[in-house]
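The values are calculated or read from the model by the stated rules, or taken from the named source; none is laboratory data. Model, not experiment: these values are computed from the prediction. So basically every Cβ, Gly included, is an ideal-geometry build from the backbone, and we count neighbours across all protein chains shown. With ligands, DNA and RNA removed, areas are computed over all heavy atoms of the protein, side chains included. Shrake-Rupley method; radii C 1.70, N 1.55, O 1.52, S 1.80 Å.
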Amino acid sequence: MSERKKITFDYAIRSSPAILFSFLTTPEGLIQWFADHVDSVEDDYKFVWDGSEEEATMLEFIEDHLVKYKMEDSQEGEFLEFRIEKSEISNDTILFITEFLEDFDVEDQQIFWNTQIKRLKGSIGASN
């Protein structure tokens with residue numbers, strides 16, 4: 001098995017951090033762009049894509065800024081993180097997505113996130 005590396009993708013999104021954050025943390029928001037179905041009980045989440053399920057635990061939550069999930073099949077120390085920052089120069093809201101990938105998966109995952117972020121922007125009404 002090859003070494004997995006921490007990779008971060010970033011996207012400018014025309015949205016307030018508070019609105020964007022709700023799409024990253026609530027089942028109702030996540031269903032609109034990330035998964036077909038989402039259930040949550042406290043910090044435990046179940047994501048469903050095309051009939052397959054994956055469970056996750058929310059590791060960290062900073063209102064309107066950061067949410068970090070540990071997916072059930074991830075290796076020790078790995079996570080999926082969504083972080084929101086405001087650019088001081090352009091005042092844009094920037095979404096940073098961090099996850100762990102093998103080198104050969106990075107290009108496919110970039111395509112995946114590009115597609116998902118397009119859905120997210122459409123759901124928020126922030127199409128660029």
| In whole percent, what relative contact order does the chain give with Cα contacts below 8 Å and a gap of six or more residues? | 31 percent
| query | Hey, got the dipole for the chain? About the Cα centre, +1 on K and R Cβ, -1 on D and E Cβ, debye to the nearest 20? | reply | 740 debye
| query | Can you list the lysines whose alpha carbon is less than 22 Å from that of K121, not counting same-chain residues fewer than 8 positions off? | reply | K68, K86
| message | Probe radius 1.4 Å, ligands and nucleic acids ignored: give me the carbon and sulfur share of the accessible area of region 1-59 as a rounded percent. | response | 47 percent
| query | Per residue, what accessible area does region 55-128 have, given a 1.4 Å probe and all protein chains present, in Å²? | reply | 57 Å²
| When we measure straight from the Cα of K70, which lysines land under 21 angstrom away, once same-chain ones fewer than 8 places off are left out? | K5, K6, K46
| message | I'd like the carbon and sulfur percentage of the solvent accessible area for region 65-114, probe radius 1.4 Å, heavy atoms only, ligands and nucleic acids excluded. | response | 48 percent
| said: Of the listed values (i) 46; (ii) 59; (iii) 49, identify the label whose number matches percent of Cα pairs over 19 Å apart calculated from this model. | reply: (iii)
